Amino acid sequence: MTRQSFLRPVHLFIPWEHRELIFSLIQREITSRYRSSLMGLIWSIITPAFTLLVYTIVFTKVFTVRWPGSNESPTEFALLIFIGMTIFNLFSECALRAPTLIVSNTNYVKKIQFPLEILPWISLGAGLFHMLVSSIVWLAFYGLAIGIPPASSVIYLFVLIPLCLYILGISWILSALGVYFRDINHIIGALLLPIMFLTPVFYPLNALPPEWHQAMGLNPLAQVIEDARTALFWGGMPNIMKWGTSFLFSGIFAIASLWFFQKSREGFSDVL
């Protein structure tokens, strides 16, 4: 086995050789979303800021609720929910886009030299851009409402690594299935709502009965959201063992998904 053939799976999974193409397409993906709007990229700041403002007004003036198991104020409740929503929105945006990644780019399929496996990276990169903007808005709001964010906030991006691997895996599977089964995008759209409520977006894990905790461990979003809240809001360090386990399984899942995508792509041109 040659060194080139041995490293090929690594090159597919981490497409460093295509980095310039990926960044160029991510930039095009982001700018095309706001191309016809008057304020352009400013909307990427206005939207999360307005959402966080609405959360704050609703939970301080209308419902006046507090985070289960704590005495935190309704304003802080809104901040905690926003963390969960930001992470779930990244997942849902990529999951909804995945089934049409190949179908909507048939011109790439016909180009023999185009690396189709990078399309999920482009979708993830665009989603991470908007998530980063939302996180900056969150940090600014935290600074105004509470004070200086905790030092543990710097590990936030580190916490997101298992999530990114999981999203890549989901995207490779769904983009391949979307070529052969056109209803898959409607199925994903219907499933996202129950998935959101089965994920600790609006509540902490410790608010659930103990018998639910093991089942919730099967949800890869759950641990990421809990770790993000720990790092950003509570000023603590995530459980490194749980993070490592999540990283390991999401990595294995992503590699298996890439293998499935590479096997499935052989029939793309025939179907499209």
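Bear in mind that the values in this text are calculations on the coordinates, not laboratory data. This is a predicted model, so every value here is computed, not measured. We place every Cβ from the backbone using ideal geometry, glycine too, and count neighbours over all the protein chains shown.
Descriptive notes on the structure:
- Folded to 0 to 90 degrees: helix 19-34 orientation relative to the chain principal axis, Cα: 60 degrees
- Cα-Cα pairs of the stretch 20-271 separated by more than 35 Å (percent): 18 percent
- Ranked from largest, the principal axis spans of the Cα set of the stretch 160-272 equal 52, 27, 25 Å.
- Over the stretch 101-219, equivalent-ellipsoid semi-axes from the Cα gyration tensor in Å: 33, 22, 13
- Relative contact order (percent, whole number), the chain, Cα cutoff 8 Å, 6+ residue spacing: 25 percent
- Selection among 137, 87, 113 by position relative to the dipole of the chain gives 113 as farthest towards the positive end (Cβ unit charges, Cα centre).
- Listed residues 192, 208, 160, most fluctuating in the chain (Gaussian network, C-alpha, under 10 Å): 208
- Tilt relative to the chain, helix 240-264 - C-alpha long axis, 0 to 90 degrees, to 10: 30 degrees
- Reciprocal of mean inverse Cα separation for the stretch 88-163 (Kirkwood radius, Å): 14.8 Å
- Neighbour counting of Cβ atoms within 10 Å sorts the residues 265, 35, 19, 97, fewest neighbours leading, into 35, 19, 265, 97.
- Report summary: the helix-based calculation at 222 nm, which adds -39500 (n - 2.57) for every DSSP H run with n ≥ 4 and divides by the residues of the chain, gives -21500 deg cm²/dmol.
- With Cα atoms, 0 to 90° folded angle of helix 184-197 axis to the chain main axis: 20 degrees
- Candidate aspartates and glutamates for bridging to residue 263, where Cα separation is under 17 Å - those fewer than 8 sequence places away on the same chain excluded: 117
- Working ranking of peptides 215-225, 140-150 by packing, defined as the average number of other Cβ atoms within 10 Å per residue, highest first, is 215-225, 140-150.
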